[in-house]
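Everything below concerns the one structure shown next.
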Amino acid sequence: MSTTKYISISSQKGGVGKTTINILAASAFHFLAKQKVAVIDCDYPQHSLKNLRDKELELLASSPEKAAEFMAMGQQAYPIESCQVKDALGIAKEMDGEFDLVFIDTPGTINIDGILELWKQLDYIFMPLESDRLSVEATITYARMLEHFVKGKPDSRLKECYAFWNKHIKSEKQDFYERTEEYFAEEKIPFLKSRLEHSVNYKKDAMRSTMFPLGKEFQRLGISGLIKEMADTIYGPAPAQSLEAVAAKGDN
Ligand SMILES: Nc1ncnc2c1ncn2[C@@H]1O[C@H](COP(=O)(O)OP(=O)(O)OP(=O)(O)O)[C@@H](O)[C@H]1O
Ligand SMILES: [Mg+2]
């Protein structure tokens, strides 16, 4: 039986951080936890994840310093395949057994040919949401739909869908966050404890590099906590697999 796990940071809401967090997670598991990672970018036609990789490759080709820095890591970058949603399942199945983790970046809409079949290929979905009523409502609708049409179906691998806060603002009154988490608990939609902070750092190219690991920002902003929680979810909290090393290495 294949041990490849298929993961998507996804939602039916645009702009909540799906692509950003798919990259953060893919890069953390690949560069820091040394897992064999691949990415499928089926956010057609924007393909922002694949475009980021192409820009980074151009930069490497034009900057001997950057190229030397990359070579010094002694590690290849992970593959990124771009396609339309309807073709993603075929690509995902070809990757089966070749990789430990496959991250799939999907569009911020659900009315697309092939999306239901693709969801059924996923082991875990992590749903970022913002402290905004529309974002919360969209996440509840998305989770209910996955529960109804995907989870538990005989041809589906989907084990669980977890919500988590992105763009968390610490200085904001926290009762909206608390009330939302209580409501999700009543609805039996699990919530991760980690919150990714809102930060202007996300405007920096280094925050969404597909070719280099995150540096000390990794420790901050809730990122290492989120990756650790994802690792525990995907692999179980066994010490050997819990990726404590990810957080430790992010200290550099
Ligand atoms: N924690 C954060 N703090 C501040 N800005 C963030 C954070 N997370 C993401 N962003 C920013 O939010 C914007 C949207 O992020 P991203 O493109 O990852 O979202 P998306 O859900 O993939 O959007 P789309 O639906 O268009 O595919 C980007 O400008 C990104 O830099
Ligand atoms: Mg996106």
Q.
Can you go through 74, 97 and tell me which one is free of Cβ contacts under 8 Å to residues at least 24 places away in the same chain and away from ligand 2 (no atom under 16 Å from the Cβ)?
A. 74
Q. Restricting the search to the stretch 169-191, which residues are among the aliphatic types (A, V, I, L, M) and surrounded by fewer than 19 Cβ atoms within 10 Å (Cβ to Cβ)?
A. 169, 185
Q) Do you know which residues across the stretch 172-196 are in contact with a strand residue (DSSP E or B) (Cβ under 9 Å, 6 or more places away or on another chain) and either in a loop (DSSP other than H, G, I, E, B) or among the aliphatic types (A, V, I, L, M) (or both)? A) 185, 189, 190, 192, 196
Q.
Of everything in the stretch 225-248, what is at pLDDT below 95, of a type in the set (Ser, Thr, Tyr) and open to solvent by 20 Å² or more (accessible area, probe 1.4 Å)? Give them in sequence order.
A. 235
Q. Among (1) more than 16 Å from ligand 1 (Cβ to nearest atom); (2) within 17 Å of the chain's Cα centre (by Cα); (3) open to solvent by 60 Å² or more (accessible area, probe 1.4 Å); (4) over 23 Å from residue 228 (Cα atoms), where does residue 36 come up short?
A. (4)
Q: Check off (1) in a helix (DSSP H, G or I); (2) out of contact with any strand residue (DSSP E or B) (no Cβ under 9 Å at 6 or more places or on another chain) for residue 146 and give me the number that stays unchecked.
A: (2)
Q: Check the stretch 41-52 and report whether any residue there is of a type outside the set (Asp, Glu), surrounded by 18 or more Cβ atoms within 10 Å (Cβ to Cβ), within 11 Å of ligand 1 (Cβ to nearest atom) and without any contact (Cβ under 8 Å) to a residue 40 or more places away in the chain.
A: yes
Q) Within the stretch 197-224, which residues are open to solvent by less than 20 Å² (accessible area, probe 1.4 Å), touching a strand residue (DSSP E or B) at 6+ places or on another chain (Cβ under 7 Å) and either within 22 Å of residue 57 (Cβ to Cβ) or part of a loop (DSSP other than H, G, I, E, B) (or both)? A) 210, 221
(Q) Let me confirm something: among 59, 134, which residue is surrounded by fewer than 18 Cβ atoms within 10 Å (Cβ to Cβ) and either touching a residue at least 40 places away in the same chain (Cβ under 8 Å) or closer than 29 Å to residue 169 by Cβ (or both)? (A) 134
**Q.** Cβ-Cβ under 9 Å pairs, at least 6 apart or on other chains, the stretch 158-170 side farther than 12 Å from residue 234 by Cα, far side hydrophobic (A, V, I, L, M, F, W, C) and assigned to a loop (DSSP other than H, G, I, E, B)
**A.** 163/189; 166/16; 167/16
Q. Residues in the stretch 157-171 that are assigned to a strand (DSSP E or B) and either under 17 Å from residue 18 (Cβ atoms) or in contact with an Asp or Glu (Cβ under 8 Å, 6 or more places away or on another chain) (or both): how many?
A. 8
Q: With respect to residue 81, determine if the residue is surrounded by fewer than 23 Cβ atoms within 10 Å (Cβ to Cβ) and either within 27 Å of residue 136 (Cα to Cα) or within 16 Å of ligand 2 (Cβ to nearest atom) (or both).
A: yes
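The values are calculated or read from the model by the stated rules, or taken from the named source; none is laboratory data. Since the model is a prediction, treat every value here as computed from it, not as a measurement. Cβ sites come from the backbone with ideal geometry, for glycine too, and all protein chains shown count toward neighbours. Protein only, heavy atoms only, side chains kept; ligands, DNA and RNA dropped before computing areas. Shrake-Rupley method; radii C 1.70, N 1.55, O 1.52, S 1.80 Å.
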